[in-house]
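To start, the structure under review is shown below, and the notes come after it.
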């Protein structure tokens, strides 16, 4: 038998074994969401898909188990595997932007979605990725969700320079807040994403300072996570808490209702081999989830 044929057969066999690997999830339910709450998670799925079909199979199981309404995703670079993920999720639909670090929404098909579109007025160098807007109806309410992925990296100092990473994130926040104030005033707005910086930085180095200083109108619902134990931070490899959820004051009362909650979802605890499998097959970020109870 020719050597080239033997090598080809071996490669096909190895690939087949990898694609059909039985995924190791040690639970049948995670139950983040409930039928009486509006449930959304933000999730940077690093270089999706890290391991092709294996990643897709893990995500199919985990998303079904979490029982949420909407998953806002970042780093969704591959259209083919994204469409495969949506197809494998029974009762779900999806939308993805183009690009190697695309933004995406996966959502329950029963939801009434009025529109999903990129915010063209925020197609700006500082934002890196054009934010993705969803307008959804839930429980008689109109909710606007803005999915973001801000520039990464930097030295922890905001320098007034065109290409300084912290400066770009600061400008991203200023531009995003101006957009919300000008276009969505009085609306239920939830801003989510991998914002690539920490809420706990001192004011002089805090890229979120314009939101933080306008506490009458904006609230980072994950603030207690950011100031809490590092075991609950969304980016454990550093460790740091980089994935955030911001709401406007139209949702403050709902967030205070019993039944509302916010949490970093430690999905690695549901995998047979813990963080090693999670990091290998899924992502280096954990998702952060918000549940809102609109009526007490």
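Here are 215, 237: which of them is at pLDDT below 95 and either surrounded by fewer than 16 Cβ atoms within 10 Å (Cβ to Cβ) or outside any strand (DSSP E or B) (or both)?
That would be 237, the only listed residue that is at pLDDT below 95 and either surrounded by fewer than 16 Cβ atoms within 10 Å (Cβ to Cβ) or outside any strand (DSSP E or B) (or both).
Looking only at the range 24-47, how many residues end up being under 26 Å from residue 191 (Cα atoms) and touching a residue at least 40 places away in the same chain (Cβ under 8 Å)? Lay out the reasoning, then the answer.
To start, the set of residues in the range 24-47 that are under 26 Å from residue 191 (Cα atoms) comprises 30-47.
Subsequent filtering for residues that are touching a residue at least 40 places away in the same chain (Cβ under 8 Å) retains 30, 32-34, 36-46.
The qualifying residues number 15.
Picking from 122, 127, which residue would you name as being closer than 19 Å to residue 218 by Cβ, out of contact with any strand residue (DSSP E or B) (no Cβ under 8 Å at 6 or more places or on another chain) and buried (at least 19 other Cβ atoms within 10 Å of the Cβ)?
122
Filtering the range 64-81 down to residues that are in contact with a helix residue (DSSP H, G or I) (Cβ under 9 Å, 6 or more places away or on another chain) and either closer than 19 Å to residue 97 by Cβ or at pLDDT 95 or above (or both), which residue is surrounded by the most Cβ atoms within 10 Å (Cβ to Cβ)?
73
Of everything in the range 133-164, what is surrounded by 15 or more Cβ atoms within 10 Å (Cβ to Cβ), touching a residue at least 40 places away in the same chain (Cβ under 8 Å) and either closer than 21 Å to residue 248 by Cα or out of contact with any helix residue (DSSP H, G or I) (no Cβ under 9 Å at 6 or more places or on another chain) (or both)? Give them in sequence order.
Selection gives 134, 136, 138, 141, 143, 144, 145, 146, 147, 148, 149, 150.
Among 23, 30, 45, which is the only one that is modelled with pLDDT of 95 or more and surrounded by 15 or more Cβ atoms within 10 Å (Cβ to Cβ)?
45
The values are calculated or read from the model by the stated rules, or taken from the named source; none is laboratory data. Bear in mind that the values here come from a model prediction, so they are computed numbers and not experimental data. Neighbour counts run over all protein chains shown; Cβ positions are idealised from the backbone, glycine included.
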